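S.K.: Please read through the structure below; I'll follow up with questions.
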Amino acid sequence: MEPLDRFDRWILHALQRDARLTLAALAETVSLSPSQCSRRIARLEESGVIQGHALSLDPEALGLKVTAFISLSIDKGRLISPKDAVAALLSRDEVVDCYAVTGSYDFILKVVVADLAELSHFLSSTVSPIKGIRDIASQIAMNSLKVGGPLKVSPCPPTSECHI
């Protein structure tokens, strides 16, 4: 993939903040023509920099009022692959994010459910029975202060000059 120039970065910056910008509005924002913006967006999609376009929903409007972070420690001696232990969880709608992490735990799941009873049921019927899980810890989010924020897209990478 060719390096991103300042226009690519400005396009990414603008689209992360408002993915519904029209080509004309985006072009005006980044000082390019709509056709140039369109070509750049297509190239960014083809190269995988832009991975998709998503709809953001309000969990509370859907009756999903509890966000929990579940930390899992795996007994690696009992598994061929630690990822096998969480594979069944990845397809569950309650699990919105899953990370392999360093430290005391091996994985952290972000789970969104309607209430504490549903969380308890999810933990006892779905997470606890998984073979190879050594320890489970959960934390309930009290407030969401920032969720799904944009990635930092600098106009130029810090170690090189922008080229146009």
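S.K.: What is the distance in Å between the Cα centroid of region 7-60 and that of region 79-115?
M.R.: 31
S.K.: Sort largest first and round to whole Å: the equivalent ellipsoid semi-axes of region 6-46, each the square root of five times a Cα gyration tensor eigenvalue.
M.R.: Equivalent-ellipsoid dimensions as semi-axes: 12, 12, 10 Å.
S.K.: Considering every pair of different Cα atoms, what Kirkwood radius, in Å, is found for region 60-140?
M.R.: Details: mean 1/r = 0.0778 Å⁻¹.
By the Kirkwood definition, the hydrodynamic radius is 12.9 Å.
S.K.: Follow-up question, since we're still on this one. Could you list VAL147, VAL30, VAL66 so that the one with the fewest beta carbons within 10 Å of its beta carbon is first and the one with the most is last? Mind dumping the intermediate values first?
M.R.: Numbers: VAL147 10, VAL30 21, VAL66 16.
Fewest-to-most ranking of VAL147, VAL30, VAL66: VAL147, VAL66, VAL30.
S.K.: If I model the chain as equal point scatterers sitting on the Cα atoms and use the Debye formula, what is log10 I(q)/I(0) at q = 0.11, 0.17, 0.20 Å⁻¹?
M.R.: These q points yield log10 I(q)/I(0) values of -0.66, -1.00, -1.16.
S.K.: Rounded, prolate or oblate, given the Cα gyration tensor of region 1-76, with a/c below 1.5 counting as rounded?
M.R.: Oblate, since a/c reaches 1.5 and b/c is not below a/b.
S.K.: About its Cα centre, what dipole magnitude does region 60-140 give when the only charges are +1 on Lys and Arg Cβ and -1 on Asp and Glu Cβ, stated in debye to the nearest 20?
M.R.: In total the dipole reaches around 320 debye.
S.K.: Taking the beta-carbon count within 10 Å as an exposure proxy, list ASP75, ASP106, ASP58, ASP18 from fewest neighbours to most.
M.R.: Listing ASP75, ASP106, ASP58, ASP18 from fewest to most nearby Cβ atoms yields ASP58, ASP18, ASP75, ASP106.
Bear in mind these aren't lab numbers, they're just calculated from the coordinates by the rules spelled out. Note that the structure is predicted; figures quoted are calculated from it, not measured. So basically every Cβ, Gly included, is an ideal-geometry build from the backbone, and we count neighbours across all protein chains shown.
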